[in-house]
Amino acid sequence: MHIVTFTRSTPDTAAKVEVDANGAVTWGDAATVVNPWDEYSLEETIRQADAVKGSSTVVAVGSDLHTEALKHSLAMGIKNAARVNADGLEVTDSLQWATLAAAAVNKIEDVQLVIFGKDHVDVGSDQATYQTARKLGWTMLSYVSEILELDADAGTIKVEKTLEQGKQVITAKLPAVISVLKGINEPRYPSFIGIRKASKATIPEWTPADLGIELPASSVSMDAYKNTPPRDITSEVIEGETIEEKVATLADKLMEEKVL
């Protein structure tokens, strides 16, 4: 069994992201990091591939900005890596992204499971995950908090999903696409040897021609980026002799502002 996962480089969530004078998005000198949700999908891919004595591949869709995320994945223990890119790729067009992602999965042999992190923090969306499953024609299982059983011989997967209303256990036929939540595992740190090996790795770049497809025309156009308006915040200290008096004063003020 071959398990595939996807990753990307994103600005550090602690970085100050803003639009510069030229209208371009910048995060200054802050380094990019592996998309935080991907740390869990990478770890789960390694664990599940080891459990079924299978192979693992990590793929990034986009420019060489994502190469560091791929090397981090290799340093963690993913066996293979590839990057898919295309002229005219619009990073905000999830359907273009999913078309390339699905074609990459089809290019890799014997793939039975694709594991995604919950979403991409830089675009704030997970719709590409569902679109990739749709392009592949595979079962989609989201919000997976635990893989209870992965049976390569029977061709089935049993997962626990965490929902707002509680937990749900589902068994589905392979092949399947899943997205995993933060609590599914504890991601490992890359080893020193792993980092050295990954730094020397040559990562192939696949084009749509290599994948036997054409990139669809983008249905998304980005007109402009704008900084969010500054927030006018004022604070007030509630005075009073007792806690009860302070609470009553606070409640009155909240009522006045129609918060309550």
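The values are calculated or read from the model by the stated rules, or taken from the named source; none is laboratory data. These numbers were taken from a predicted model, which means no experiment stands behind them. Here the Cβ positions follow ideal geometry from the backbone for every residue, glycine too, while neighbour counts run over all protein chains shown. Surface accessibility is based on the protein's heavy atoms, side chains included, excluding ligands, DNA and RNA. Shrake-Rupley method; radii C 1.70, N 1.55, O 1.52, S 1.80 Å.
Under a 5 Å amide H cut-off, with hydrogens placed 1.01 Å from N, Leu174 pairs with Thr156, Ile157 among residues at least 5 apart or on other chains. Surface analysis of the chain yields an accessible area of 58 Å² per residue, using protein heavy atoms and a 1.4 Å probe. Where both bridge residues fall in region 81-212, DSSP classifies roughly 60% of the beta bridges as antiparallel. Considering only Met140, Val177, Ala104, the residue lying farthest towards the positive end of the dipole of region 98-208 is Ala104, judged by Cα position with unit charges set on Cβ. The aspartates and glutamates within cross-link reach of Lys197, meaning a Cα-to-Cα straight distance under 20 Å and a gap of 8 or more places when in the same chain, are Glu39, Glu43, Asp50, Asp64, Glu68, Glu205.
When each of the peptides 229-240, 6-17, 75-86 is scored by how many other beta carbons lie within 10 Å of its residues on average, the order from highest to lowest is 75-86, 6-17, 229-240. Relative protection proxy for 241-252, 23-34, from highest mean packing down: 23-34, 241-252 (other beta-carbon atoms within 10 angstrom).
Taking a ≥ b ≥ c as the square roots of the eigenvalues of the Cα gyration tensor, region 140-195 is oblate, since a/c reaches 1.5 or more and a/b is not larger than b/c. Calculated mean residue ellipticity at 222 nm for the chain: -8500 deg cm²/dmol, from DSSP H runs with n ≥ 4 weighted as -39500 (n - 2.57), summed, divided by the residue count and rounded to 500.
Pairs over the 20 Å Cα-Cα cut-off, from the set Lys79/Lys200; Lys53/Lys182; Lys53/Lys200; Lys135/Lys161; Lys135/Lys173: Lys53/Lys182; Lys53/Lys200; Lys135/Lys161.
This structure gives percent of Cα pairs over 32 Å apart, computed directly, and of [x] 23; [y] 34; [z] 20 that value is listed as [y].
Region 119-133 and region 167-221 have their alpha-carbon centroids 12 Å apart. Here the Karplus relation 6.51 cos²θ - 1.76 cosθ + 1.60, evaluated at θ = phi - 60°, turns the backbone of region 96-102 into coupling constants of 4, 4, 5, 4, 5, 5, 5 Hz, with x for every Gly and Pro.
Does region 1-114 come out rounded, prolate or oblate, given a ≥ b ≥ c as the square roots of the eigenvalues of its C-alpha gyration tensor, rounded meaning a/c under 1.5 and, failing that, prolate meaning a/b above b/c? Cα axes put region 1-114 in the oblate bin. For Ser56, the residues 5 or more places off, or on other chains, whose built amide H falls under 5 Å of its own are Ile3, Lys79, Asn80. Classify region 1-67: rounded, prolate or oblate, from the alpha-carbon gyration tensor (a ≥ b ≥ c, eigenvalue square roots; a/c under 1.5 rounded; otherwise prolate if a/b is larger than b/c)? Prolate shape, in that a/c is at least 1.5 and a/b is the bigger ratio.
The dipole here belongs to the chain: it is taken about the Cα centre, uses +1 on the Cβ of Lys and Arg and -1 on the Cβ of Asp and Glu, and is about 1220 debye. Just for region 1-120, what percent of DSSP beta bridges are antiparallel, to the closest 5? Here the share of antiparallel DSSP bridges comes out near 25 percent. Among the protein heavy atoms of the chain, carbon and sulfur supply 49% of the accessible surface, probe 1.4 Å, non-protein parts ignored.
Peptides 44-56, 162-174 ordered by packing proxy, namely the average of other Cβ atoms within 10 Å per residue, highest first: 44-56, 162-174. Listed by chain and number, the lysines whose C-alpha is less than 25 Å from the C-alpha of Lys226, apart from same-chain residues fewer than 8 away, are Lys16. Our note on the geometry: Cα centres of region 227-255 and region 68-102, 48 Å apart. The spacing between region 141-155 and region 3-23, judged by their C-alpha centroids, is 30 Å.
Its convex hull of Cα atoms gives region 48-166 a direction-averaged projected area, equal to a quarter of the hull surface, of 8.2 nm².
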